[in-house]
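Data first, discussion second: the structure below is written as structure tokens.
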Amino acid sequence: MMDFNRFETFVINLDRSVDRWRQFEAAFTNSKLDNYCRISGFVGSAFPDIVAKLITNMHHNLIGKGQLGCDISHISIMERIDKEELPNSLILEDDIVPTGPIDNNFLSYHIPHDYDICFVNNRMIRGRLSEFGGERKVVPCLEAVAEFGPTDNAPGADGYFVSLNGARKLLKRFAHDGLGSFFDWRLIAYSVWQNEIDTLAKESTARAVLDILSRKDHWNDRLHSYVLVPPLIRNVASSSDILAENQKTL
């Protein structure tokens with residue numbers, strides 16, 4: 001019987017990034033987050049060019065093998081969620097720190113039962129939401145993206161809950177669309193309709209990117225996506241593994 005109070009935690013870390021893993025473990029020592037599982041990240045630069053081209057397509061162009069490795073790392077976890085039928089999972093990247101204690105009871109976050117994805121990272125929280133000082137709340141993804149300023153970019157996929165249903169939806173979408181493009185923006189693009197994108201500020205980076213990713217999207221379903229405010233984790237300044245992998249393949 002599934003335990004919906006509990007969630008599994010997966011942390012993506014490249015084998016060579018030993019220092020990052022040490023920093024992650026040190027940062028989470030007092031966070032109360034327990035039983036997290038390290039996932040060995042895929043090394044994008046190791047993919048032959050022909051393989052990279054075969055698994056991307058014209059609508060989601062290859063923007064670097066570093067991003068491709070990142071995509072596959074996340075998707076590998078979703079396949080595990082699907083096979084093991086995990087009701088709720090927290091997916092983290094290794095360049096983050098907790099903003100405070102993390103409750104191991106999933107229901108304590110009051111995330112809507114219909115959720116597919118719920119972002120818990122600070123980069124999804126901009127504008128007025130970043131000034132929110134009350135008790136934790138959950139807002140629709142579009143409401144959070146509407147707060148992005150004209151130049152706000154990189155919403156990040158460094159921390160999010162995903163349900164079993166959400167993982168299965170995403171696996172179906174990626175199998176159809178191929179890989180490539182920015183993984184974090186893809187998650188958001190699969191969460192909003194074109195008419196909702198049209199409500200975003202015309203000069204915003206968010207509208208421009210989402211419009212490109214959604215332009216030829218004919219699916220009649222969307223992820224039920226939310227954002228946790230304040231965030232559970234925040235990104236820390238560090239060298240980018242994605243950029244490092246991209247540079248190896250230039």
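Given the chain, what percent of its DSSP beta bridges are antiparallel, to the nearest 5? Can you show the working numbers first?
Working: 16 of 31 bridges.
For the chain, the DSSP antiparallel bridge percentage is about 50.
Helix-only estimate, please: 222 nm mean residue ellipticity of the chain, summing -39500 (n - 2.57) across DSSP H runs of length 4 or more and dividing by its residues, to the nearest 500. Intermediate values should be presented prior to the final figure.
Working: 9 runs with 84 residues, N = 250.
For the chain, the value works out to -9500 deg cm²/dmol.
For the chain, a Gaussian network of Cα nodes joined below 10 Å ranks ARG168, ARG22, ARG186 by mean-square fluctuation, and the top entry is ARG22. Normalised by the number of residues in the stretch 76-152, the average gap of Cα pairs under 8 Å and 6 or more apart makes the relative contact order 26 percent.
With every protein chain kept in the model, how would you rank CYS70, CYS118 by accessible area, 1.4 Å probe, largest at the top? Display every interim value, and only then the final one.
Working: CYS70 25, CYS118 0 Å².
The ranking, largest first, comes out as CYS70, CYS118.
Ligands, DNA and RNA excluded, the heavy atoms of ILE111 present near 10 Å² of accessible surface to a 1.4 Å solvent probe. Once the GluC sites (Glu not before Pro) in DSSP loops with at most 13 neighbouring Cβ atoms within 10 Å are cut out of the chain, the longest remaining piece is 1-84. Under 10 Å, Cα contacts only: if you run a Gaussian network model on the chain, which one of VAL97, VAL162, VAL18 comes out with the highest mean-square fluctuation? Judging by the Gaussian network model, the answer is VAL18. Accessible surface for the stretch 6-114, divided over its residues, is 50 Å² per residue with a 1.4 Å probe. Surface calculation, 1.4 Å probe, protein heavy atoms: ASP82 sits at approximately 50 Å² accessible. How many angstrom separate the Cα center of the stretch 81-143 from the Cα center of the stretch 147-189? Here the two parts' Cα centres lie 14 Å apart.
Computed over protein heavy atoms with a 1.4 Å probe, the carbon and sulfur contribution to the accessible area of the chain reaches 53%.
The values are calculated or read from the model by the stated rules, or taken from the named source; none is laboratory data. Note that this is a predicted model, so its numbers are computed, not measured. So basically every Cβ, Gly included, is an ideal-geometry build from the backbone, and we count neighbours across all protein chains shown. Accessible surface areas use protein heavy atoms only, side chains included; no ligands, DNA or RNA. Shrake-Rupley method; radii C 1.70, N 1.55, O 1.52, S 1.80 Å.
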